[in-house]
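Undergrad: Sharing a structure below in structure tokens format, with a few things to ask.
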Amino acid sequence: MTRYLISFDDGAMDHIPAEDMPDVGKAAHAVVQEAVNAGVWVFGTGLERQRASIVATDGTVTDGPYPETKEVIGGFVVLDVASREEALAWAAKIALSCRCAQEVREIMPDPETEAMLREAGRRR
């Protein structure tokens, strides 16, 4: 199985009227439940709008994101699926439920980190 990050930009749901948000929430949670039932759900959540901090290599902390940043992640899901095609199919379900486009990226496996997790008694 391969993990995929499915995400959308902050502000991508701004077109949705406030009175429609409960229905969007129900639809999104139905897709989450479907992914949980299918055994592919790893993690997912929305992110606080514009509540980022940038930590430099010297440890300096700056409130962010940078003003020139045009797009910031507004929410994401991590799924563990058999193929890119399956990830794209889940992204289509998420896009429909959230009423906004989704970006799909394969998460690169890291065998050394996986070995550390196994040694610590955690499973991927």
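The values are calculated or read from the model by the stated rules, or taken from the named source; none is laboratory data. In this text, all values refer to a predicted model and were calculated from it rather than measured experimentally. Here the Cβ positions follow ideal geometry from the backbone for every residue, glycine too, while neighbour counts run over all protein chains shown.
Undergrad: Filter the range 43-64 for residues that are in a strand (DSSP E or B) and either more than 19 Å from Gly25 (Cα to Cα) or of a type in the set (Ser, Thr, Tyr) (or both) and give the result.
TA: Step one: filter the range 43-64 for residues in a strand (DSSP E or B), giving 43-46, 52-55, 61-64.
Thr45, Ala52, Ser53, Ile54, Val55, Val61, Thr62, Asp63, Gly64, listed by residue number.
Undergrad: Return the total of residues in the range 30-59 being surrounded by fewer than 12 Cβ atoms within 10 Å (Cβ to Cβ), under 16 Å from Phe8 (Cα atoms) and either modelled with pLDDT of 95 or more or of a type in the set (Ser, Thr, Tyr) (or both).
TA: Total meeting the criteria: 2.
Undergrad: I would also like to ask the following. Mind listing whichever residues of the range 1-34 are under 14 Å from Ala87 (Cα atoms) and of a type in the set (S, T, N, Q)? Show your work before the answer.
TA: Looking only at the range 1-34, we keep the residues that are under 14 Å from Ala87 (Cα atoms), and these are 1-7, 31-32, 34.
Selection gives Thr2, Ser7.
Undergrad: Scanning the range 1-54 for residues that are out of contact with any Ser or Thr (no Cβ under 8 Å at 6 or more places or on another chain) and among the β-branched types (Val, Ile, Thr), which turns out nearest to Leu88 (Cα to Cα)?
TA: Within the range 1-54, the subset out of contact with any Ser or Thr (no Cβ under 8 Å at 6 or more places or on another chain) is 1, 3-23, 25-26, 29, 32-52.
Applying the additional criterion that residues be among the β-branched types (Val, Ile, Thr) yields 6, 16, 32, 36, 40, 42, 45.
Numbers: Ile6: 9, Ile16: 23, Val32: 15, Val36: 17, Val40: 13, Val42: 16, Thr45: 18 Å.
Filtering first and then ranking leaves Ile6.
Undergrad: Across the range 16-29, which residue is surrounded by the most Cβ atoms within 10 Å (Cβ to Cβ) among those that are hydrophobic (A, V, I, L, M, F, W, C) and in contact with a helix residue (DSSP H, G or I) (Cβ under 9 Å, 6 or more places away or on another chain)? Break it down stepwise before answering.
TA: Initial filter on the range 16-29 (hydrophobic (A, V, I, L, M, F, W, C)): 16, 18, 21, 24, 27-28.
Filter again for in contact with a helix residue (DSSP H, G or I) (Cβ under 9 Å, 6 or more places away or on another chain), leaving 16, 24, 27-28.
On the way: Ile16: 14, Val24: 16, Ala27: 16, Ala28: 21.
If we take residues in the range 16-29 being hydrophobic (A, V, I, L, M, F, W, C) and in contact with a helix residue (DSSP H, G or I) (Cβ under 9 Å, 6 or more places away or on another chain), then Ala28 is surrounded by the most Cβ atoms within 10 Å (Cβ to Cβ).
For (1) in contact with a helix residue (DSSP H, G or I) (Cβ under 8 Å, 6 or more places away or on another chain); (2) under 29 Å from Pro111 (Cβ atoms), each residue gets a yes or a no:
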{"position": "Phe8", "(1), (2)": "yes, no"}
{"position": "Asp14", "(1), (2)": "no, no"}
{"position": "Glu48", "(1), (2)": "no, no"}
{"position": "Val55", "(1), (2)": "no, yes"}
{"position": "Val61", "(1), (2)": "no, no"}
{"position": "Ile73", "(1), (2)": "no, yes"}
{"position": "Glu86", "(1), (2)": "no, yes"}
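Undergrad: Taking the range 95-116 on its own, how many of its residues are surrounded by 10 or more Cβ atoms within 10 Å (Cβ to Cβ), farther than 15 Å from Val78 by Cβ and not charged (D, E, K, R)?
TA: Adding up the residues that qualify gives 8.
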